[in-house]
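None of the figures in this text is laboratory data; all of them are computed from the coordinates on show. Everything quoted here is computed from the prediction, not taken from an experiment. As a convention, Cβ positions derive from the backbone with ideal geometry for all residues, glycine included, and neighbour counts pool all protein chains shown.
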Amino acid sequence: MKTRLMMIASALMASLICLPASAQPGPGMGGMDSGMGPGMGPGMAQGGGPGARPPRDCSKAPDPAACNAHRAARDKAHEACKDSVGPLRKQCMQDQMQNFDCAKSGNPQQCESRKTAYKECQGQTGPAFRQCVHQKMPPVDCTKAPNQARCERHQQAREACKDKLGPDHKTCLREQFKNK
């Protein structure tokens, strides 16, 4: 009886002593010593943490020159906004990306249209901003599209789903494509 009681007590003490150590995050797992602030987990830090996606291989992109131009503009924006955090960083990145040279983009006309729409919707945020940009964007010129029939179907679906946002908008577009 005494031996059994001693073994149970020893196991209980060992588990209570080891429990706090096992609850601590290891190196690189988002602890306070990993350079992340409070409320920041893996993948939340800007700058290539454990959850960061690797850069896109522009040599495999449909338009490598446009991909490289976009990457250069994004790197320049990151450099300009490196001292900002939170909503200020997001606003800084949006402002910096507005300085992108649309002549280097894959579709310069659409790039200019998007810049104009972003300027018109500047004071809004979140879903209201996305809805505003969606409404301000002019329809795409399907005569220049590689697949004109698909482009025209997409424009019709876009018109039918214009009052929806986010996942609801994507679901609506999918349903429109299935029905046609």
Based on the alpha-carbon gyration tensor of the range 61-180 and its eigenvalue square roots a ≥ b ≥ c, which shape applies: rounded if a/c is under 1.5, prolate if not and a/b is larger than b/c, or oblate? oblate
Checked the range 115-180 with the C-alpha gyration tensor, a ≥ b ≥ c its square-rooted eigenvalues, rounded below a/c of 1.5, otherwise prolate if a/b is larger than b/c and oblate if not; verdict oblate
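Return the subset of Lys60/Lys144; Lys76/Lys115; Lys60/Lys82; Lys90/Lys119; Lys60/Lys104; Lys136/Lys164 for which the Cα-Cα distance in this structure is over 20 Å, preserving the input order. Before the final figure, lay out the partial values.
Details: Lys60/Lys144 23 Å; Lys76/Lys115 18 Å; Lys60/Lys82 29 Å; Lys90/Lys119 15 Å; Lys60/Lys104 18 Å; Lys136/Lys164 15 Å.
Checking Cα-Cα distances, Lys60/Lys144; Lys60/Lys82 exceed 20 Å.
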The farthest towards the positive end of the charge dipole of the range 61-177, of the residues Cys172, Gln98, Gln122, given +1 on Cβ of Lys and Arg and -1 on Cβ of Asp and Glu, is Cys172
Which of the three applies to the range 55-122, rounded, prolate or oblate, going by the alpha-carbon gyration tensor with a ≥ b ≥ c and a/c under 1.5 meaning rounded? oblate
